[in-house]
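Here is the structure we will look at.
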Amino acid sequence: MGVLAQSLNGEERLSVLHRCFNLGGREKFRFSWDLPIKSGNFVKDFIAPSSFDFSKGNSFRMS
């Protein structure tokens with residue numbers, strides 16, 4: 001298939017998810033493994049968009 005692949009560490013994987021969930025966003029991915037402990041947030045709080053809209057029923061919108 002000619003596809004290049006590489007192994008990612010945990011922070012790199014989170015960065016990929018952040019880019020997928022925040023398409024077109026200007027917010028840069030900033031993360032350190034100490035941040036969730038210090039801030040009381042969960043890892044998902046660093047990658048998830050600010051909101052999901054499920055009002056259409058068979059689709060959703062992220063913003």
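The values are calculated or read from the model by the stated rules, or taken from the named source; none is laboratory data. A quick note: this is a predicted structure, and the numbers were derived from the prediction, not measured. Note that we place each Cβ from the backbone using ideal geometry, even for glycine, and neighbour counts take in every protein chain shown.
For segment 7-32, the set of residues classified as surrounded by 10 or more Cβ atoms within 10 Å (Cβ to Cβ), free of Cβ contacts under 8 Å to residues at least 24 places away in the same chain and not acidic (Asp, Glu) consists of Leu8, Gly10, Arg13, Ser15, Val16, Arg19, Cys20, Phe29, Phe31, Ser32, listed by residue number. Considered as a group, the residues in segment 47-63 that are outside any loop (DSSP other than H, G, I, E, B) and modelled with pLDDT of 85 or more include one that is nearest to Asn9 (Cα to Cα), and that residue is Ile47. Here is the figure for segment 2-37: residues that are more than 27 Å from Ser63 (Cβ to Cβ) and either within 11 Å of the chain's Cα centre (by Cα) or basic (Lys, Arg) (or both) total 0.
Take the conditions (1) assigned to a loop (DSSP other than H, G, I, E, B); (2) modelled with pLDDT of 85 or more; (3) of a type in the set (S, T, N, Q); Ser15 misses just one of them, which is (1).
The set of residues in segment 33-55 being exposed (fewer than 11 other Cβ atoms within 10 Å of the Cβ) and among the hydrophobic types (A, V, I, L, M, F, W, C) consists of Trp33, Ile37, Phe42, Phe54.
Residues checked against (1) of a type in the set (Lys, Arg); (2) in contact with a Cys (Cβ under 9 Å, 6 or more places away or on another chain):
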| position | (1), (2) |
| --- | --- |
| Ser7 | no, no |
| Ser15 | no, no |
| Phe21 | no, no |
| Arg26 | yes, no |
| Trp33 | no, no |
| Gly40 | no, no |
| Ile47 | no, yes |
| Phe60 | no, no |
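Does Val3 satisfy being surrounded by 11 or more Cβ atoms within 10 Å (Cβ to Cβ), at pLDDT 85 or above and hydrophobic (A, V, I, L, M, F, W, C)? No.
From the residues in segment 18-29 that are of a type in the set (D, E, K, R) and over 14 Å from Ala48 (Cβ atoms), which one is modelled with the highest pLDDT? Spell out the reasoning first.
Initial filter on segment 18-29 (of a type in the set (D, E, K, R)): 19, 26-28.
With the extra rule that they be over 14 Å from Ala48 (Cβ atoms), the set shrinks to 26, 28.
Values: Arg26: 79, Lys28: 85.
Here the answer is Lys28.
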